[in-house]
Amino acid sequence: TSIGNEAFMGCYELTGIKIPTSVTSIGDSAFWNCLCIKNVEIPASVKSIGRSPFIGCQELSSIIVSPENATYNSNDNCNAIIETKTNKLIQGCMNTKIPMGVTSIGDSAFFDCTILTSVTIPNSVTSIGDHAFDYCKSLTSVTIPNSVTSISDSAFSCCRSLTSVTIPNSVTSIGDSAFSDCTSLTSVTIPNSVTSI
């Protein structure tokens, strides 16, 4: 069976989710704006997860993927969903610790994670996707390592508590509105390596 796109959107009473082993796919924004969800467990049976399945789940603090799942993982108790084949982090939460080995932060991976205050991106990451940290309104600090070559559209848009950003000299492109509406941003360092903004 599958959980369709926006299937449980706005189910404000949900506090935790243990996906049953009969489920093989989770659709786009399946649990969108389920504001009270704190923990999610994903079984080995799930082989397909759409874009931003837990978008707007602002209280989400624990994500566990079964160790038997061959498609996704949450290695090192990272509290995130990582696509095993590509090492792309596709869904994070307020307690995510991005593990070494992750090569990209997926589109909207932390979108609307309003309680997230800081994030350290390991130097295995080469790209930060569209809207990856969009609307992370409490994010005050982010460490972008020298491995990152591209920062995509609206990657840090509406990060209204972010005060300064240093972009490493590995970055060659910064997407549209990458730091738009960052109203507390007072300092940005853009290196010579950037050829496209």
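A few points about this structure:
- The criterion of at least 3 residues that are farther than 22 Å from ILE64 by Cβ is met by the following strands (runs of 3 or more DSSP E) wholly inside region 91-197: 141-143, 164-166, 187-189.
- No other residue among VAL148, VAL142, VAL171 is farther than 21 Å from ILE82 by Cα and of a type outside the set (Phe, Trp, Tyr) apart from VAL171.
- TYR12 being of a type in the set (Phe, Trp, Tyr) and at pLDDT 95 or above: no
- The set of residues in region 45-60 that are over 15 Å from MET94 (Cβ atoms), open to solvent by 20 Å² or more (accessible area, probe 1.4 Å), part of a loop (DSSP other than H, G, I, E, B) and of a type outside the set (Gly, Ala, Ser) comprises LYS47, ARG51.
- Pair list, Cβ under 7 Å, 6 or more apart: region 183-194 residue within 17 Å of ASN169 (Cβ to Cβ) and in contact (Cβ under 8 Å) with a residue 12 or more places away in the chain, other residue in a strand (DSSP E or B) and aliphatic (A, V, I, L, M): VAL188/VAL165; VAL194/ILE174
- Selection from region 50-93 of residues that are at pLDDT below 95 and aliphatic (A, V, I, L, M): ILE55
- Scan of region 164-178 for residues that are modelled with pLDDT of 95 or more and open to solvent by 40 Å² or more (accessible area, probe 1.4 Å), ordered by number: ASN169, THR172, ASP176, SER177
- Screening ARG160 against (1) open to solvent by 40 Å² or more (accessible area, probe 1.4 Å); (2) at pLDDT 95 or above; (3) farther than 18 Å from VAL119 by Cβ leaves a single unmet condition, (3).
- Among the residues listed as CYS78, CYS93, CYS34, the single one being in contact (Cβ under 8 Å) with a residue 24 or more places away in the chain and more than 23 Å from ALA178 (Cβ to Cβ): CYS34
- Subset of region 138-152 that is crowded, with 19+ Cβ neighbours inside 10 Å and not polar (S, T, N, Q) - its residue that is farthest from LYS97 (Cα to Cα): ILE151
- Of everything in region 61-90 that is assigned to a strand (DSSP E or B) and polar (S, T, N, Q), the residue that is surrounded by the most Cβ atoms within 10 Å (Cβ to Cβ) is ASN73.
- Region 12-44, residues that are of a type outside the set (D, E, K, R), open to solvent by 50 Å² or more (accessible area, probe 1.4 Å) and not in a loop (DSSP other than H, G, I, E, B): ASN39
- Matching option when the condition is touching a Cys at 6+ places or on another chain (Cβ under 8 Å), hydroxyl-bearing (Ser, Thr, Tyr) and at negative phi, among SER147, SER180, SER152: SER180
The values are calculated or read from the model by the stated rules, or taken from the named source; none is laboratory data. Since the model is a prediction, treat every value here as computed from it, not as a measurement. So basically every Cβ, Gly included, is an ideal-geometry build from the backbone, and we count neighbours across all protein chains shown. Ligands, DNA and RNA are excluded from the accessible area calculation, which covers all protein heavy atoms including side chains. Shrake-Rupley method; radii C 1.70, N 1.55, O 1.52, S 1.80 Å.
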